[in-house]
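Structure first, then comments.
Nothing in this text is a laboratory measurement; each read-out follows from the coordinates by a stated rule. Not measured: the values here are computed from a predicted model. Neighbour counts run over all protein chains shown; Cβ positions are idealised from the backbone, glycine included.
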Amino acid sequence: MTRPFIPLSSDTETRPTEAMRRAIAAAEVGDEQRAEDPSVLRIQERVAELTGKEAALFMPTGTMCNVIAVKTHTHAADAVIAEHMSHVIRAETGGMGLVSGLMIEPIVTERGIFTPDEIDDAIRRLSSAPFPYAPVARLLCVEQTHNFGGGSVWTKGELAAVYARAKERSLAVHMDGARLMNAVVASGAKASEFGASTDSLWIDFTKGLGAPMGAALAGSKAFIAEARRYKHMFGGAMRQAGVIAAGCLHALDHHVERLAEDHDNARRLAEGLGAIRGIRLATPTPESNIIFFDVSGLGTDNRSFVANATELGVRFSPVGSSVRAVTHLDVSRDDIETAIQIVERMAKAGS
């Protein structure tokens, strides 16, 4: 069934391809909770190997990966350091606070990428009060790519420098790797090279990789064993989850290299939008598949703009005071050209 609009609001809008549906229908299954589902075991092995970690754990969602990883790394009343617009702070409904009882110390940046010195600054802010008043900084979170930073990509060097400083400061490092494979394709680095600068990380299969469900958290054997305990505690144990894992396996086999098309489409969309008078791009040259832009120069606000665009056949999303566009496998180059034309017509009409 075709959509009534071009779906540019998020890469979570992807739907399984016919080939993926066939793989799902043919999935080998077993009891996941008992570690007897062969498809789940395969995806865990693949992700552990891909990220260079000892083990991996399949979960329904990426948010569950973050919540469980943070819980596994920390104790109640510890502090977590993360970029101020990171997903763990802005888009998980306060899960860290509820589940783990943590303090959060944000690092404010423009694109979601911070430096070793900024880690030290965060630790100094946390420890400004003398012992025993200050919380203990226990965990550093990074996001690859950084969603609200406009799909910005941590380089291997940037991540390695941050990891080294974190280790000097006795911090564990966790990566929200929701779009890790976008970073791999954009940078040419291997997932394991990014994984080498983390203690834990995860991959989401429901973004540009196009699976309907599923994510996998990776780390040491001891870390994953403890994470499995929390997964069961929080209701994440599943039965015949191979029907989910099969779609994720298909995504790894067939949908990684094609992410380059999404990045090309994002650059073309940015080029087209940037040529429209009244639109200001926060990401003039997208590093991956995410674009943020301001429409106030058109004499409208972002929510009105998004509503009008949807009526005309293209769906963006309002984020803060900006508009976000995300390319993915369900958006073709023709869709991009159509979207540009629609926004051009909106601009001429004064919307």
Net charge, Arg277 excluded, C-beta distance under 14 Å - Lys, Arg +1, Asp, Glu -1: +1
Whichever lysines have a C-alpha closer than 19 Å to that of Lys221, once near sequence neighbours (fewer than 8 apart) are set aside: Lys53, Lys71, Lys231
DSSP bridge pairs, the chain: antiparallel proportion in percent, nearest 5: 50 percent
Given charges at beta-carbon only (K, R positive; D, E negative), |dipole| of the chain in Debye: 380 debye
Over the chain: helical MRE at 222 nm, DSSP H runs n ≥ 4 each giving -39500 (n - 2.57), nearest 500: -12500 deg cm²/dmol
Options Ser170, Ala191, Phe305, ranked by Cα towards positive dipole end of the chain, top entry (Cβ charges): Phe305
Total formal charge among the other residues, if their Cβ is under 10 angstrom from that of Ala55, Lys/Arg +1 and Asp/Glu -1: +1
Lys, Arg +1 and Asp, Glu -1 on Cβ, resulting dipole of region 258-349 about Cα centre, debye, nearest 20: 280 debye
Given charges at beta-carbon only (K, R positive; D, E negative), |dipole| of region 1-100 in Debye: 280 debye
Chain lengthening between Glu18 and Phe234 when straightened (0.36 nm per residue, less Cα-Cα): 74.5 nm
Sorted by Cβ density within 10 Å, fewest first, the residues Arg239, Arg42, Arg315: Arg239, Arg42, Arg315
Region 100-139 - Rg and Dmax from Cα coordinates, angstrom: 11.2, 34
Farthest positive-ward along region 258-349 dipole, Cα basis, beta-carbon charges - from Val323, Leu259, Ile336: Val323
Answer label for volume of the Cα convex hull per residue in Å³ (calculated), chosen among (i) 167; (ii) 131; (iii) 157: (ii)
Cleavage-rule hits (chymotrypsin sites (Phe, Trp or Tyr not before Pro)) in region 89-164: DSSP loop, at most 16 neighbouring Cβ within 10 angstrom: Tyr133
Net charge over other residues, Cβ less than 11 angstrom from the Cβ of Arg239 (K, R count +1; D, E count -1): -3
For region 175-207 versus region 235-253, the gap between their alpha-carbon centres in whole angstrom: 19 Å
Highest average packing first - 192-200, 286-294, Cβ atoms within 10 Å: 286-294, 192-200
